[in-house]
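What follows is calculated from the coordinates using simple rules that are stated; it is not laboratory data. Note that the structure is predicted; figures quoted are calculated from it, not measured. Every residue, glycine among them, receives a Cβ derived from its backbone with ideal geometry; neighbour counts consider all protein chains shown.
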Amino acid sequence: MSDKFRLMYHTQEKRGLDLTQPIICIRDDAWLGDGYYFWDDEDDAIRWGTSSKKRTGRYQIYTADIATDNVLNTVFNEDHYRLWLRLVEKAAKHFLKKTGLKPSIKDINDFFREKAEWDEVDGILFQDIPLNDTYTHVRSFYYRKRIQLVVYNLGIIRGFSLYSEAPCI
């Protein structure tokens, strides 16, 4: 296995038993399709728990070391980012030409699942910029990346374990 690992955080609502592996996300609006989602920053994992994992009133954060050798790193690797940008634009143009409409996130992910050759890609490291002043220390200056990793191959995850538990606010 790889010698390059990245410590990341997986957030879930509190369930009856502690998890032994992450839970797959299969939501239509999942940024990068079906997969196991991890946060790069503990603060983002906490925010996700308090804002999006309220069903049971408590959330848990798990940590894991993720092998990154076969991860498309659109955050820190410029070549990977340029490739990702071309792929998304190509898929979007294909959908627009076919339907006359801009695609949704689900449409793009469905296109990749059906057409893309992702066998050698174990995951994608992706970022957005949260447009919310509560996440930064400077008013209306959105300088902080919010980084997530979607894992498609459970084999790149090691040391998955409970890190913390808290009530939803």
Practice task
Give, rounded to the nearest 20 debye, the magnitude of the charge dipole that the chain has about its Cα centre when Lys and Arg contribute +1 at Cβ and Asp and Glu contribute -1 at Cβ.
Solution key: 680
Completion exercise
Sorted largest first, the C-alpha extents of the chain along its principal axes in whole angstrom are 47, 43, 29
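Net charge within 9 Å of I105 by Cβ-Cβ distance, Lys/Arg positive one each and Asp/Glu negative one each, not counting I105 itself? Provide the component values of the computation, followed by the final result.
On the way: positive: K106; negative: D28, D29, D107.
Within the 9 Å Cβ shell, the charges total -2.
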Handout entry: Long-range tail of P(r) for segment 48-127 (Cα pairs > 18 Å, %)
Key = 58
Exercise for the section: Please find the FRET efficiency linking D41 to K115, where r is the Cβ-Cβ separation and R0 is fixed at 25 Å, and quote it to the nearest 0.05. Expected result: 0.20
Practice task
Starting from the Cα of H137, step 7 Å along the direction of its Cβ; do the same at E13; then give the gap between the two resulting points in nm.
Solution key: 3.5
Handout entry: Over the chain, relative contact order from alpha-carbon pairs under 8 Å, at least 6 apart, %
Key = 34
Completion exercise
Rounded to the nearest 500, the 222 nm mean residue ellipticity computed for the chain from DSSP H runs (n ≥ 4, each -39500 (n - 2.57)) alone is -8500 deg cm²/dmol
Practice task
Under a cut-off of 21 Å between alpha-carbon atoms, report the lysines in cross-link reach of K106, not counting same-chain residues fewer than 8 places apart.
Solution key: K90, K93, K97, K98, K115
Exercise for the section: Among N77, F126, I108, flag the residue with its Cα farthest along the positive direction of the charge dipole of the chain, charges on Cβ as +1 for Lys/Arg and -1 for Asp/Glu. Expected result: I108
Practice task
Could you work out the Rg to Rh ratio of segment 1-40, with Rh taken as the Kirkwood radius (inverse of the mean 1/r over all Cα pairs)?
Solution key: 1.01
Fill in the blank from the handout: For G35, other-chain or 5+-apart residues with amide H closer than 5 Å (H placed, Pro excluded) are C25
Fill in the blank from the handout: segment 1-97, Kirkwood Rh and Cα Rg, ratio Rg/Rh at 1.03
Fill in the blank from the handout: Scoring only Lys, Arg, Asp and Glu (+1, +1, -1, -1) among other residues with Cβ under 11 Å from the Cβ of R55 yields +4
Problem - Gain in span if fully extended, N70 to I24, counting 0.36 nm per residue against the direct Cα distance - result: 14.6 nm
